[in-house]
Amino acid sequence: MSRIGKKPIPVPKGVTVAVKDGAIEVKGPKGTVTQGIPPGVRFAQDGDQLTASLERDEKALGKFHGLARSLVANAVLGVTEGFKKELDIVGVGYRAELKGKQIHLALGYSHPVVYDVPKGIEVAIEKQTHITVTGV
């Protein structure tokens, strides 16, 4: 049994959790996340708490117990508060630019580095050297 896996996951008001075959769907004010569950781990909802348990008491399943609990806890956190990461580009001549759904980075190469922004992720560039990435 995993120490992390034993901890119950609090489910805040406004968040609904649906346990399906091999996955958990978490809906909240910021969106919906479907998280896969490793085989051998199951979840049960008791009021405003979600608990993870193992189907069989095998040592090989123990590593998935804590992993599954952490993934679902992060999904609950994502649909309630969301995740935000701020990035600073440091270097002479380095800059970032948002063109539609692509980030164009000038990082000292002879060509710009272009990244497509994934669906569900928002990117804001306040200054040429400061990028804010938010998502569920």
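Would you kindly calculate the mean projected area, averaged across all directions, of the convex hull enclosing the Cα atoms of segment 84-135, in square nanometres?
So the Cα hull casts an average projection of 3.5 nm².
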Highest average packing first - 122-129, 28-35, 67-74, 107-114, Cβ atoms within 10 Å: 67-74, 28-35, 122-129, 107-114
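Treating the beta-carbon of each Lys and Arg as +1 and of each Asp and Glu as -1, no other charges, what is the dipole magnitude of segment 84-135 about its Cα centre, to the nearest 20 debye?
Details: 7 positive and 6 negative charges, 20 e Å.
I would put it at about 100 debye.
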Neighbourhood net charge (14 Å Cβ-Cβ; Lys/Arg +1, Asp/Glu -1) for Lys127: -3
Net charge over other residues, Cβ less than 14 angstrom from the Cβ of Gln49 (K, R count +1; D, E count -1): +2
Nearest-ten-degree value, helix 59-80 long axis tilted from longest Cα axis of the chain: 60
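About its Cα centre, what dipole magnitude does the chain give when the only charges are +1 on Lys and Arg Cβ and -1 on Asp and Glu Cβ, stated in debye to the nearest 20?
160
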Sequence of Val117, Val17 once ranked by neighbouring C-beta atoms within 10 Å, starting from the fewest: Val117, Val17
Share of Cα-Cα pairs in the chain lying beyond 28 Å, as whole percent: 38
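Once the mean 1/r over all distinct Cα pairs of segment 3-81 is inverted, what Kirkwood radius in angstroms do you read off? Present the calculation step by step, with values, prior to reporting the outcome.
Numbers: mean 1/r = 0.0803 Å⁻¹.
About 12.5 Å for segment 3-81.
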For segment 111-117, 3J(HN,Hα) per residue [Karplus equation, 6.51 cos²θ - 1.76 cosθ + 1.60, θ = phi - 60°, Hz, x = Gly/Pro]: 9, x, 8, 10, 10, 7, 7
Sequence-distant lysines (8 or more away, or on other chains) whose Cα lies within less than 17 Å of Lys85: Lys30, Lys119, Lys127
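Each value in this text was obtained by applying a stated rule to the coordinates, not by laboratory testing. What you are looking at is a predicted structure, and each value in this text was computed from that prediction instead of being measured. Because the Cβ atoms are built from the backbone with ideal geometry, glycine has one as well, and the counts that use them run over all protein chains shown.
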